[in-house]
Amino acid sequence: MFSRLRLVGCLLLAVFAARTHAALKPAVRTALVIGNAKYESAVGPLRNTGNDAKAVAQVLRELGFAVIEKHNVTRDQLLRAVMEFRATLTGAEVGLFYYAGHGISVAGSNYLLPVKSGYSPEGADDVTLRMLAETKLFNVEQALADMKTSGARCNLVILDACRTTAVARTGRTRDAVETGGLAEMKPPAGSLIAFATDAGQTALDGDGTNGLYTEELLKHLRTPGLTIEQVFKRTRAGVLERSEGGQIPAEYSRLIGDDIFLAGQSPTASPMASPAVSTLPTLEDITKLAAAGEVKRCVEALQQQAQTKGPGDYALSPLETLLEQVKEDLKDATSASPEVESAATTCELVLHALRDCVPPAHEMKIPLSAKALNRRGDALLLLGRADEALDAYNAALPLTPNDSYILYNRGRAHLALGSTPEARADFTAASSTKFNQPKARKLAEEALAKLK
């Protein structure tokens, strides 16, 4: 009986997927976190920025973000990190760029200081200064442009980068009293830029493990029921109070669309009227829908539960069942088919449900998200959509970096796109003995042999 229902469900989903594919994007959250601390003496090393970046990366992972975390990067390393980050943004719900380190303003533009940059403004005129900044430093506008064009629904740029540094002054102004800091910015639509302190001012490092701004930010990122805007408003209030008015964080926002709750909605929040008890699907109903392959109805039922009761463990078993069905559908598939199209759509719906129905800090949220992204990539490869498959694998790998199957699969996507050097690099990495996945290692070794 269940197999017949499942077949009907798959056929219906194939029609549904063909009509609504553009609207069903995985609600992934992805972030690039940079912490620069070990600057040369001419720039000035920093005490808390490394800790700030580590703490922010950890909290973002708890909130379901796929995080690329880098420390003490040179300009070339920073550029590569931004390129890697950009590949994860397609279709994302939230893209977040966080930077802790030195930052300066040159000719009205804001620049982040990589380590070992070689930037020295001593005696430079205005034209030379701008050229030095563009070739030695990193223009924040570049990160904004990359994020905007990559298609994330909401882009956040957080700069805890307004600390005092000697290279903020030129030789002509070294004797003047200058506060340093960053210049005001105008974000594109759908974006918010947050400064640790107001434009033209410098931020306090703080007396503890973390800087003052990031310490306050971490508190409110974890708080359920706060919209993005509320997170920054409360952060500003905390910094203002603790600094006795000496530091006032600033945001420049052009966010659009519905509110986003980074830590989930408050368990007591009721954004929609609760359905009557008699119409609320029971957990038994949801389990039966999952077992029957009624993916859309199962996810809708889970979301009803989440709106009424809040996120919880109840969602895990049905979603795991759906992902196992995807695995079976793809097991012997060698080309595009309704079952493969259905599998891709199922993974998208599972990602939606993981976002809405599983608590942000739950230990299973990250591995299940990685599994859904990986299997979605497998389906997309079979459907001939290698570029989208590559995006899925790029989003999955930071979530579970020790999964050599994802590395191997990403190599297959690179190969399908004609990027043989990148494919070889992934196959080589996946064949390493440091991974305890012998089947993936064997597949990677076989792929490498075919490239020779």
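The values are calculated or read from the model by the stated rules, or taken from the named source; none is laboratory data. Just so we're clear, the structure is a prediction, and the values are computed from it rather than from any experiment. Every residue, glycine among them, receives a Cβ derived from its backbone with ideal geometry; neighbour counts consider all protein chains shown.
Quick look at the values:
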item: Those residues of the stretch 114-141 which are modelled with pLDDT under 85 and of a type in the set (S, T, N, Q), in sequence order; result: 120, 128
item: From the options 148, 136, 116, residue that is of a type in the set (Lys, Arg), surrounded by fewer than 20 Cβ atoms within 10 Å (Cβ to Cβ) and at positive phi; result: 116
item: Out of 433, 420, sole residue that is in contact with a His (Cβ under 9 Å, 6 or more places away or on another chain) and of a type in the set (Ser, Thr, Tyr); result: 420
item: Tabulated pairs, the stretch 349-371, first polar (S, T, N, Q), second buried (at least 20 other Cβ atoms within 10 Å of the Cβ), C-beta under 6 angstrom, 6+ apart or interchain; result: 369/354; 369/399
item: Test: residue 318 is surrounded by fewer than 20 Cβ atoms within 10 Å (Cβ to Cβ), free of Cβ contacts under 8 Å to residues at least 40 places away in the same chain and in a helix (DSSP H, G or I); result: no
item: Residues located in the stretch 146-162, provided they are outside any strand (DSSP E or B) and modelled with pLDDT of 85 or more; result: 147, 153
item: Residue 336 being in contact (Cβ under 8 Å) with a residue 60 or more places away in the chain and outside the structural domain of residue 87 (by TED's automatic domain parsing); result: no
item: Positions within the stretch 385-441 being in a helix (DSSP H, G or I), within 27 Å of residue 58 (Cα to Cα) and among the β-branched types (Val, Ile, Thr), in sequence order; result: 406
item: Hey, residue 305 within 22 Å of residue 265 (Cα to Cα), part of a helix (DSSP H, G or I), polar (S, T, N, Q) and in contact with a helix residue (DSSP H, G or I) (Cβ under 8 Å, 6 or more places away or on another chain) or not; result: yes
